[in-house]
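Below is one structure, written out as structure tokens, with a few remarks after it.
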Amino acid sequence: MNDIKINRLNDGIASLTPEALVGFRAALGGQALLPGDIGYDQARTVWNATVDKRPGLVVRCAGPSDVVQAVRFARQHDLLLAVRAGGHNIAGKAVADGALLIDLSQMRSIRVDRAARVAWVEPGATLADFDRETQAFGLTTPVGINSTTGIAGLTLGGGFGWTSRNFGMSIDNLICVDVVTADGQMHRASEKENADLFWALRGGGGNFGIVTGFEFRLHALGPQVLSGLLIHPFADAPKLLRDYRSFVAQAPDELTAWVVLRKAPPLPFLPKEWHGKEVMIIAVCFLGDPGVGERALAPLRTLGRPIADVIGPHPFVGWQQAFDPLLTAGARNYWKSHDFRELSDGLFAQLVEFAGRLPTEECEIFIANVGGAMARVPVEATAFAGRDANFVMNVHTRWQEARDDARCIGWAREFYNATRPYASSTAYVNFLPDEDGERLSSTYGGNYAKLREIKAKYDPDNAFRVNQNIKP
Ligand SMILES: Cc1cc2nc3c(=O)[nH]c(=O)nc-3n(C[C@H](O)[C@H](O)[C@H](O)COP(=O)(O)OP(=O)(O)OC[C@H]3O[C@@H](n4cnc5c(N)ncnc54)[C@H](O)[C@@H]3O)c2cc1C
């Protein structure tokens, strides 16, 4: 067997003899996979098909001890490290060419303590795993809206979804974590222990260590929530967007309504003549008593002349998966994102212009109404800095063939530039594409300097750099 080539942390390539791997392998509960081994391609394949990276070695961890062993091995041999959980990061920051890839995707157990209303979650769990285990007891905590997303990357960047206006972000419900730092040591981090590290992990991404377990606070919810879609002709969008703005300005925290501009997918409840035509969708979720929700939603449901109104009581677990068919893995994707304090008429004009010339059937512009409990957490309480954003726009540019890359990416960049004058300075780190690293200082605003200090303390060599990287 030939020597194994793995990129060094800084420059050059390390050449490891097969014997060097023998002891390492023997200490693992999981597997160490080389290119060509069964499981290697699965571990390196991420959600966004534009990302096609080939690590030098994959460690499929079976538990926290494997993570510790892998970090120590990488540091001992000065190897470039990458860390993968759910693999959903749009920028593909879970994998890197030539790296030692620490794959957490097999560590996905979840233990719910029903009486204490807490859940202990391993980092390979998806949102579907989390919702299934917590909803079995009528409990939840805020996570995102696509159930195949990994809870680890989502939480480390902040995490928000249908319940965040009421219960805050994923990080606002984090009680503590177990984390392996760059020196290969395991720590507990919470408000009381290693509080600086805990602060940085709540929004600072994978820069500070590898989290091997998250403890979340849970809230009672469900099993049914009033939720669903209003689908309107795109021609009505100029007026409806203004009406939507007035409606959400009055909405209670229990009510979340997001706008999606896209071409209508062939949904069974939509008349055939609308399939493939531009529409404005308002997706809603109400967390309280359905009767109260019906009354709260009534003014929204009487607006315009909807093509479909499919709002009703749905199982929360099902609602959490409602957008999954539109967000499946394996397509080519490029995202651009802005935070907005308010939705201005100038922004609406650009939305209508660009949504009127979407580059493919699969592209969509999402406008998430956030705020509420999210905004009541002081900006300096966690690393996440976008607390004063009331709306987060995510431009999901999505297509199938590499020959369309330039056309689709070009549309997204043009739209992003056209809407920049209306945006605030922050952005959601989990929505940034690869080349947006230079936005990090404004993304973290006044928290950036402290993040760099904490990075210098816990990871002075920048061993954890395959991420939206905060340099020590
Ligand atoms: C279709 C889709 C829908 C989405 N919807 C939402 C949404 O509604 N709300 C929301 O908040 N976000 C949403 N996101 C964004 C999501 O939060 C990010 O993509 C996030 O990075 C996904 O985490 P992951 O574990 O799947 O990713 P990965 O790609 O595995 O990891 C992301 C980053 O985190 C690092 N990392 C992962 N696990 C660990 C760990 N245990 N310790 C240290 N570092 C780690 C990785 O190295 C990488 O840099 C969505 C993403 C997609 C693709």
Rounded to the nearest 0.05, what FRET efficiency do Val22 and Asp52 give with R0 = 35 Å and r taken as the Cβ-Cβ distance? Could you check?
0.70
Could you order peptides 19-25, 282-288 by the average number of other Cβ atoms within 10 Å of their residues, highest first?
282-288, 19-25
Highest average packing first - 98-107, 408-417, 291-300, Cβ atoms within 10 Å
98-107, 408-417, 291-300
Quick check: at a probe of 1.4 Å, how many percent of the accessible area of the chain sits on carbon and sulfur atoms?
51
For segment 343-394 and segment 197-256, write down the distance between their C-alpha centroids in whole Å.
11
With the other protein chains left in place, how much accessible area per residue, in square angstrom, belongs to the chain at a 1.4 angstrom probe?
38
Place a point 7 Å from the Cα of Asp113 along the Cα-to-Cβ direction; which residues of segment 195-228 have their backbone N under 14 Å from it?
214-218
Restricting attention to the alpha-carbon atoms of the chain, what are Rg (one decimal) and Dmax (integer), both in Å?
22.2, 71
FRET efficiency for Glu438 and Ala418, using Cβ-Cβ distance with R0 set to 25 Å, rounded to 0.05:
0.80
Show me the ranking of peptides 159-172, 249-262, 2-15 by mean Cβ neighbours inside 10 Å, starting with the highest.
159-172, 249-262, 2-15
One finds the C-alpha centres of segment 412-472 and segment 1-71 to be spaced, in Å, by 28
Within the set Lys5/Lys336; Lys93/Lys450; Lys5/Lys93; Lys239/Lys336, which residue pairs have Cα atoms separated by over 30 Å?
Lys5/Lys336
Report the calculated FRET efficiency for Asn462 and Arg301 (r = Cβ-Cβ distance, R0 = 56 Å), to the nearest 0.05.
0.60
With axes computed from alpha carbons, what is the tilt in degrees of helix 345-355 against the longest principal axis of the chain, rounded to the nearest 10 within 0 to 90?
70
Run the quick spin-label model on His77 and Arg403: label points 7 Å from Cα toward the beta carbon, then report their separation in nm to one decimal.
4.2
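The values are calculated or read from the model by the stated rules, or taken from the named source; none is laboratory data. Computed from a predicted structure; not experimentally measured. Virtual Cβ from ideal backbone geometry, glycine too; neighbours counted across all protein chains shown. Keep in mind that these areas ignore ligands, DNA and RNA; they rest on the heavy atoms of the full protein, side chains included. Shrake-Rupley method; radii C 1.70, N 1.55, O 1.52, S 1.80 Å.
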